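The values are calculated or read from the model by the stated rules, or taken from the named source; none is laboratory data. Note that the coordinates shown come from a computational prediction; the quantities given were computed from them, not determined experimentally. We place every Cβ from the backbone using ideal geometry, glycine too, and count neighbours over all the protein chains shown. Note: accessible area is taken over every heavy atom of the protein model, side chains too, but ligands, DNA and RNA are not part of it. Shrake-Rupley method; radii C 1.70, N 1.55, O 1.52, S 1.80 Å.
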Amino acid sequence: MKNHLASTLIAPAREHDRACLACPDGRRFSYGDVDRRSARYAAALARCGVGRGDRVAVQVEKTPEALFLYLGCLRAGAAFLPLNTAYTPAEIDYFVEDSEPAVLVGRPEQAGALAKIARAHRVPRFETLGTPDGGSFAALAEGGADGWADIDCGPDDLAAILYTSGTTGRSKGAMLTHANLRSNAEALITAWRYSSDDVLIHALPIFHTHGLFVAANLTLMARARMIFLPRFDPRETLAWTPEASVLMGVPTFYTRLLDEDGLTRRATAGMRLFISGSAPLLPDTHAAFRERTGHAILERYGMTETGMNTSNPYDGERVPGSVGLPLPGVELRVCDPDTGKSLPRGEIGMIEVRGPNVFAGYWRMPEKTRSEFRDDGFFVTGDLGRIDRRGYVWIVGRGKDLIITGGYNVYPKEVELAIDALPGVQESAVIGVPHADFGEGVAAIIVPRRGALVDEEAIITALRERLAAYKLPKRVIVVDELPRNAMAKVQK
């Protein structure tokens, strides 16, 4: 047995001279560099006591070293647990308590707060990774000798845990196996005609499925190249298009690119593919981008628990507003939410999927896992949709109480719990409202306690210590009471 996923991402010796990674600061890495550096990171994890199946929790900035750490985890047989850099120490505390990592790796500037969390939950090792000095873990890795042999991992071994916000306020750890990630990358390489000739502008974060398991995994598996930007900036992205062929982004990327005068057919003439996901792309944005550049954005649909499920075709019609057709190997159906009975084409119901891409379950939540699957193995996504007569899938709403803002998932209950804990607040309701830049914006409706004064700015300021920035309400509206139905349920 060999390492099922890492063996496809790490290039063999005959391809070591191929260029892999280019950074704006001038650093360049070949596939041989990636092999050697990730092997050292794997060896460093082993010296920290990490064994097969252990979790490695990571909250660091986007750097090549962070990518080496991810690959090192795979090669060491560990489960990579990436954490959003916007998470506050209060949020990190829960993830560490729940996952019980063997190592917690954080940014040097957050070392004090994160080391305290590690001690509180008896995490064996706390290390740092960042810039400009690299941090303690980079020093540990680079000081080691070469000669690492990858740990054997089969298709069903755990490769990663990604936490998703919970409707009850408790986040769930989605367990992704080597087979989940490998099969999804292989399907997308075929669907998007991805090859070693491609050059990706990588402007996505790598604590998220989109940036890590789609963008990075595809590029490495295809032996393509990527321009590794620390974050998305529309002008910098446009400056790189003459050297690139693919851009993967969220709708916000495209709305902001459309604000740039430099977005022209000439500027994007060398590009072959623009991909959008993680949030709905408005048909108006699709049309405006096509008019300006001549390129039809390819929209796809996925989620943390499944990776990508559908994609508009590369060669066929890319239908604005639709998320396309099921990927090879993925079965998708629309069912009655209550009975699970499959519905005819054209009717709206719950989207359910089955395939090698579907996760293994929620970390230490067997009952929750069972409740999310049908008896025949289909996963209930929580998304409402329909399949048209041509087989194209349309997302029409969400059965789960979810807001998608700028490509990030926000569950209202989590925000409501934080608001309700504030002085002067009797109750709250959090909803998503249309937002020109982020697709949806978080809005909070608050009922104050009798005699209490609730101020919008004060509420948002107080929440900054409790919630990641993307979860913060963009508006706080104070009302006397919340609307309710006959059963006293809040009508959002």
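A few notes on this one:
- The alpha carbons of the range 14-80 stretch over 33, 29, 16 Å along the principal axes, in descending order.
- Lysine pairs meeting the criterion (Cα under 16 Å, 8 or more apart or interchain), as found in the chain: 10
- Using only side-chain charges placed at the Cβ, +1 for Lys and Arg and -1 for Asp and Glu, the dipole size of the range 157-302 relative to its Cα centre rounds to 200 debye.
- Charge tally for Leu181 (other residues, Cβ to Cβ under 13 Å; Lys, Arg +1; Asp, Glu -1): -3.
- You can think of it this way: the chain between Ser7 and Glu317 has 108.1 nm of extra reach, that is 0.36 nm per residue less the Cα-Cα gap.
- Relative contact order (%) - the range 402-484, alpha-carbon pairs under 8 angstrom, separation at least six: 30 percent
- All other residues whose Cβ lies under 14 angstrom from that of Ser342 are scored, Lys and Arg at +1 and Asp and Glu at -1, for a net of -1.
- Global form of the range 123-234, assessed from the alpha-carbon gyration tensor, a/c cut-off 1.5: rounded
- Normalised per residue, the accessible area of the chain is 41 Å², obtained with a 1.4 Å probe and no contribution from ligands, DNA or RNA.
- With both residues required to sit in the chain, DSSP beta bridges show an antiparallel share near 60%.
- Rounded, prolate or oblate (a/c below 1.5 giving rounded, otherwise prolate when a/b exceeds b/c) for the chain by Cα gyration tensor: rounded
- In the range 70-229, the DSSP beta bridges split such that about 45 percent are antiparallel, to the nearest 5.
- Around the Cα centre of the chain, unit charges on the Cβ atoms of Lys, Arg, Asp and Glu (plus for the first two, minus for the last two) sum to a dipole of about 400 debye.
- Sequence-distant contacts, meaning Cα pairs under 8 Å at least 6 residues apart, place the relative contact order of the range 214-369 at 14 percent.
- Extension gain, Ala288 back to Glu97 (0.36 nm per residue minus Cα-Cα distance, nm): 64.1 nm
- Charge context of Ile206, other residues only, Cβ under 15 angstrom, K/R +1, D/E -1: +1
- Solvent-accessible area, 1.4 Å probe, carbon plus sulfur percent, for the chain: 50 percent
- Where GluC sites (Glu not before Pro) fall in DSSP loop in the range 273-358, at most 13 other Cβ within 10 Å: Glu317, Glu347
- Rounded to the nearest 500, the helix-only mean residue ellipticity at 222 nm of the chain stands at -7500 deg cm²/dmol, with each DSSP H run of n ≥ 4 adding -39,500 (n - 2.57).
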